[in-house]
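K.L.:
Right, I'll just put the structure down here and ask away after.
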Amino acid sequence: MAVGIAALSLILLMIAAYRGMSVIIMAPLLAMLAVLLTDPAAVPAAFSGLFMEKVASFLKLYFPVFLLGALFGKLVEISGFSRAIVTAVIGIVGAGRAIPAIMAVTALLTYGGVSVFVAVFAVYPFAAEMFRRADIPKRLVPATIGLGAITFTMDALPGTPQIQNIIPTSFFGTTSWAAPVLGLIGSACIAAMGLTYLGWRRRAMMAAGEGYGAPETLVNEPEPVDASVTVHPLVALLPLLVVGVGNLLLTMAIPRWVSGDVITLSLVGMAEPVEVKVAQVSALWAVEGALLMGIATILAFAYRTVAKRFAEGSKAAVGGALLAGMNTAVEYGFGAVIAALPGFLIVKEALRAIPDPLINEAITVTSLAGITGSASGGLSIALAAMADQFIAAGDAAGISREVLHRVASMASGGMDSLPHNGAVITLLAVTGLTHRQAYKDIFALTLIKTVTVFIVIAVYYLTGLV
């Protein structure tokens, strides 16, 4: 019965997300439903003392990353930098290599700090143009953009500033560059297998006589791409490089600048001093500082262009950051409530039966990410409830916390991309396609991503590489 209550709440949240209901509304309602069915008298205290407390703690740590990432992505867009990058790549590789070209451009944008959702809007017009010229079926556009945006650049490549790679730093005391060799191996596997699959699908569909698009797929067709780009592509690349290099340098420099494991803040007007644990926030400071540097670089090279649309663009960025941050925060609060229920404790004990620490972690994280339809949400739920268990098991087996970080991060981006995932829904909406038309290929990438996590685990055990 106890397990059934927890499962019911999780399933209802998945159904609500699939039907397009707001997670911000449904997560607290379903969390309190689970408490109501367990202990009705505990509902008020669980809402204020547990759910809202966890929501606030998540936003306190991670909202600046959401906000700066959204603002950086919007400035890359309105400055014309993203268009310059995409146009340059198209000119170099040609329309015939549309699939690897669009994957590379999308990967470059997301690894450079542009949010997944912004990258989708920025790349789609160019993807449609390239696919149309090469007469490649439009149904492959979402999967191609997804391969570049929501697989290896989201959580496998070391140093990526996406939130799925940042969340584990607070639990494991690591940095965004954790386990770089394993991350690179995993990224190469995902990219290679993903491109191989999409190439095979392209050939099979075109052999069956399918071209760019049947009339029913030609929805939300973009206007022809404007080739009159005034920004040099090397200038356009500079902010992305600044974010990547800045993140690496700050990651190395901050521990040297800060003396001690704890910073104590005691100002004249404060009633009590505040202590900040450096290990929990140094990776966040590095990413935030790098994004600020990237924003400053854009303003330095494109101030006049950005200034014309800054007010409008910044409002859109703030709105997007609030929505994305709150969606993830309420899922974190939801997870904290579910983790406190007797049913989840039974499941947690059952998961202990999986003897291998890394396989245990991977299965737990990817399962919760799949249930919630959110990589960051499922990752937050899993680590909030079980990070101590993962650390203890890892320490006992001599497994580096960097490896725990990389496996957890990569696992979050596996089964998260089920049909109710927000990024999947956005991909399909922007491209004007339905789940029936295009989801099959996105799901294939989901399977590739999930399998790759276990390949990385095997590589670690066979070689000891970190």
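K.L.:
Would you confirm whether or not segment 304-327 contains a residue that is over 20 Å from Thr110 (Cβ atoms), in contact (Cβ under 8 Å) with a residue 40 or more places away in the chain and in contact with a Pro (Cβ under 9 Å, 6 or more places away or on another chain)?
P.N.:
no
K.L.:
In this structure, does Leu383 turn out to be assigned to a helix (DSSP H, G or I), touching a helix residue (DSSP H, G or I) at 6+ places or on another chain (Cβ under 7 Å) and at pLDDT below 95?
P.N.:
Yes; evaluated as a whole, the condition is true for this residue.
K.L.:
Look through Ala392, Ala423 and report the one residue that is open to solvent by 10 Å² or more (accessible area, probe 1.4 Å) and in contact (Cβ under 8 Å) with a residue 24 or more places away in the chain.
P.N.:
The match here is Ala423.
K.L.:
Between Ile5, Ile78, which is more than 20 Å from the chain's Cα centre (by Cα) and either without any contact (Cβ under 8 Å) to a residue 40 or more places away in the chain or farther than 30 Å from Phe310 by Cα (or both)?
P.N.:
Ile5
K.L.:
Could you check segment 197-254 and list, in sequence order, the residues that are in a helix (DSSP H, G or I), closer than 26 Å to Ala134 by Cβ and at pLDDT below 85?
P.N.:
Those that are in a helix (DSSP H, G or I), closer than 26 Å to Ala134 by Cβ and at pLDDT below 85: Pro215, Glu216, Thr217.
K.L.:
Out of segment 446-466, which residues are open to solvent by 10 Å² or more (accessible area, probe 1.4 Å), touching a helix residue (DSSP H, G or I) at 6+ places or on another chain (Cβ under 8 Å) and farther than 14 Å from Ile359 by Cβ?
P.N.:
Answer for segment 446-466, where residues must be open to solvent by 10 Å² or more (accessible area, probe 1.4 Å), touching a helix residue (DSSP H, G or I) at 6+ places or on another chain (Cβ under 8 Å) and farther than 14 Å from Ile359 by Cβ: Ile448, Leu465, Val466.
K.L.:
Another one. Hand me the list of helices (runs of 4 or more DSSP H) wholly inside segment 387-466 holding 1 or more residues that are among the aromatic types (Phe, Trp, Tyr), closer than 21 Å to Ala362 by Cα and touching a Cys at 6+ places or on another chain (Cβ under 6 Å).
P.N.:
Answer list for segment 387-466: none.
K.L.:
Mind checking which residues of segment 182-213 are touching a residue at least 60 places away in the same chain (Cβ under 8 Å) and surrounded by fewer than 14 Cβ atoms within 10 Å (Cβ to Cβ)?
P.N.:
Correct list: Gly199 only.
K.L.:
In segment 65-93, how many residues are among the basic types (Lys, Arg) and modelled with pLDDT of 80 or more?
P.N.:
Of the residues in that region, 1 qualify.
K.L.:
Looking at the structure I just gave you, is Leu36 surrounded by fewer than 24 Cβ atoms within 10 Å (Cβ to Cβ), aliphatic (A, V, I, L, M) and in a helix (DSSP H, G or I)?
P.N.:
Yes.
K.L.:
Restricting to segment 337-385, what's the tally of residues that are under 17 Å from the mean Cα position of the chain (by Cα), open to solvent by 20 Å² or more (accessible area, probe 1.4 Å) and of a type in the set (Val, Ile, Thr)?
P.N.:
Going through segment 337-385 one residue at a time, the tally reaches 1.
K.L.:
So which residues in segment 127-153 are assigned to a helix (DSSP H, G or I) and open to solvent by 10 Å² or more (accessible area, probe 1.4 Å)?
P.N.:
Scanning segment 127-153 gives Glu129, Arg132, Arg133, Ala134, Arg139, Phe152.
K.L.:
Answer with yes or no whether Met21 is modelled with pLDDT under 80 and outside any helix (DSSP H, G or I).
P.N.:
Spelling it out, Met21 is indeed modelled with pLDDT under 80 and outside any helix (DSSP H, G or I).
K.L.:
Okay, moving on. Restricted to segment 255-282, and to residues that are assigned to a helix (DSSP H, G or I) and within 20 Å of Ala178 (Cβ to Cβ), which residue is most open to solvent (accessible area, probe 1.4 Å)?
P.N.:
Selected residue: Arg256.
K.L.:
So, one more: State the number of residues belonging to segment 39-67 that are in contact with a Pro (Cβ under 9 Å, 6 or more places away or on another chain) and open to solvent by less than 60 Å² (accessible area, probe 1.4 Å).
P.N.:
3
K.L.:
Moving on to the next point. Taking Gly91, is it open to solvent by 10 Å² or more (accessible area, probe 1.4 Å) and part of a helix (DSSP H, G or I)?
P.N.:
Here the answer is yes, as Gly91 does meet what is asked.
K.L.:
When you check Thr426 against the structure, is it of a type in the set (Val, Ile, Thr) and within 23 Å of the chain's Cα centre (by Cα), yes or no?
P.N.:
yes
K.L.:
Between Pro168, Pro161, which is surrounded by 24 or more Cβ atoms within 10 Å (Cβ to Cβ) and either within 20 Å of Thr426 (Cβ to Cβ) or in contact with a Cys (Cβ under 9 Å, 6 or more places away or on another chain) (or both)?
P.N.:
Only one candidate passes the filter, namely Pro161.
K.L.:
Could you tell me how many of the residues in segment 400-418 are surrounded by fewer than 24 Cβ atoms within 10 Å (Cβ to Cβ) and either over 17 Å from Thr169 (Cβ atoms) or under 20 Å from the mean Cα position of the chain (by Cα) (or both)?
P.N.:
The total comes to 2.
K.L.:
Continuing with this model, one more query. Does Ala119 meet the test of being closer than 18 Å to Gly320 by Cβ, of a type in the set (A, V, I, L, M, F, W, C) and in a helix (DSSP H, G or I)?
P.N.:
yes
The values are calculated or read from the model by the stated rules, or taken from the named source; none is laboratory data. Note that the coordinates shown come from a computational prediction; the quantities given were computed from them, not determined experimentally. All Cβ positions, glycine included, derive from the backbone under ideal geometry; neighbour counts span all protein chains shown. These area figures cover heavy atoms from the full protein model, side chains too; ligands, DNA and RNA do not enter into them. Shrake-Rupley method; radii C 1.70, N 1.55, O 1.52, S 1.80 Å.
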